[in-house]
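The block underneath contains the structure these notes are about, expressed in C-alpha cells.
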Amino acid sequence: MSSESVSSADVVFPPVVAPDPEVRRRAEGRQRDLTKPAGSLGRLEELGCWVASCQGQVPPRPFARPRVVVFAGDHGVARGGVSAYPPEVTAQMVANFLAGGAAVNVLAGVAGAGVRVVDMAVDGDTDPAVSAHKVRRSSGAVDREDALTEQETLQAIAAGRTVADEEVDAGADLLVAGDMGIGNTTPATALIATLTGTEPVAAVGRGTGIDDAAWMRKVAAIRDAMRRARPHARNPVALLRTAGGADLAAMAGYLAQASVRRTPVVLDGVVVTAAALVAEELAPGARDWWVAGHRSTEPAHTLALRHLNLDPLVDLGMRLGEGSGAVAALPILHGAVAVLTNMATFAEAGVSTRDEDDAPVAGPRGD
C-alpha cells in the first residue's frame, strides 16, 4: 500500500481553462457548410463542435487513444447488507478485468479503447500491477465512521491526479472513468444527495438488484451518512473523507486533472458522476470538459446529471458501472468527429445551395 505523505497543497488544482470558444464557432461554421440541412444531425453536430473546441482545431482529429481507467475499492458499508453481492466479488472482478472478461473489456474493444484497472481500496490482495496506488483495504462504513483519514483522502485524490497525468502523457486523447466496488452506490448516493439537497428516499435505487429489505437498509445507511456529511458539503476533501471512499476520491482527482490537462472525458454512471460532482468542486469549470455517456437507472444519477447540466448520450437502462455505459456511447462520439472531419462541404461536392432565381436555400431537404 502507498505510504507517501501528501499535503493539502498537492490537491489544489490550478484554474481550468475552458474549451476554446473561437474554435467552437469555427466548427459550427463548418457544420453549416456540410452537405446537409443545418442542424439535421442533431446532437452529433453539437458533439463534433465540442470535441473540436476541446482539441483546439477544426476539423477535429479522430480519437487515437481512448482510455478507460477502472478505480476499484471496497466499502465497509457493504457489510451491512446494502448490496445483492458479497464484498469478495470486488477482488474477483479486478482479476476478471485483468483477464479481459468483463463487460467493459468487451465494449471497450468494440469502441477501440484500452482498459486499465487501479486498486485503491480493495479488501484483499490484487495483482501488484494494479495496486501501486492502494491506500488501504476497504474504506470505512460511511453510515457510522469516516470513509478515510485526512491523509488517505489526500493520497487518493493525488493518486487519481497522477493516473490522469500518466494516461495523458502516454498519449490518451479521451478518458473514461469506471468503478468497481460492492456497496459503492451507497456512498455515491450519499454524496449526490448531500450536494443536491435531496432526501435519501428520492435518491436511492436498487444498485446491483437488491430486494425491498436491502433497499430499506440502504436508505437508512445513506440517511446516516448524509447526517455526517452535511457539515462538510462545501469542503470537497472533507466530504470525501467523511462520506466517500478511496476509489471515489481517486476518481474525483482523475476527473479534475483531466480537465486541467484539457482532455475530454466521457462520464459513466452514478458512482463516477458522484465523483464528478466533487471534482467540479475541486476544480471549478471541469465539467466543460465532460460529456455524459449514458443515464443509469439509479435515481441519484439523474439528480447528478441535472446538477452538472449534462444530457446523456444514451439511455439503455444500464446500471452495471465499470465504465460500461460510457464506453457503449463512445461510437457516437467517434461518429460525431467523423461527420465534422470527413463529410464534404457543399462546395467540395458541387451541391448547389441556391435556387433557380439565385436565392439562397437551406441545402438538401431532410427527412
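Cα centroids of region 280-309 and region 43-80: 12 Å apart. On the beta carbon distance between ARG65 and SER8, with R0 = 41 Å, the FRET formula returns roughly 0.80. DSSP assigns beta bridges within the chain; of those with both partners inside it, close to 10 percent run antiparallel. Look at the alpha carbon pairs under 8 Å that are at least 6 residues apart: their mean separation over the length of region 163-274 gives a relative contact order of 47 percent. Neighbours of VAL115, meaning other residues whose beta-carbon lies under 15 angstrom from its beta-carbon, give a summed charge of -4 when Lys and Arg score +1 and Asp and Glu score -1. Couplings 3J(HN,Hα) for region 289-300, derived from phi with the Karplus relation 6.51 cos²θ - 1.76 cosθ + 1.60 (θ = phi - 60°), are 9, 10, 10, 7, x, 8, 10, 6, 6, 5, x, 5 Hz, where x marks Gly and Pro.
Modelled label positions at THR345 and ASN235, each set 7 Å beyond Cα in the direction of Cβ, lie 5.6 nm from each other. Taking the empirical scaling 2.2 N^0.38 Å for compact globular proteins as reference, region 64-330 has a Cα radius of gyration ratio of 0.87.
Once C-alpha pairs closer than 8 Å and six or more residues apart are averaged by separation and normalised to the residue number of the chain, the relative contact order reads 25 percent. When the chain is described by a simple charge dipole with +1 on each Lys and Arg Cβ and -1 on each Asp and Glu Cβ, the residue from VAL82, ALA113, ALA9 located farthest towards its positive end is VAL82.
Taken together, the values in this text are just the output of simple stated rules run on the coordinates, not laboratory data. Because the structure is a prediction, the values reported are computed rather than measured. Every residue, glycine as well, gets a Cβ built from its backbone with ideal geometry; the counts of neighbours run over all protein chains shown.
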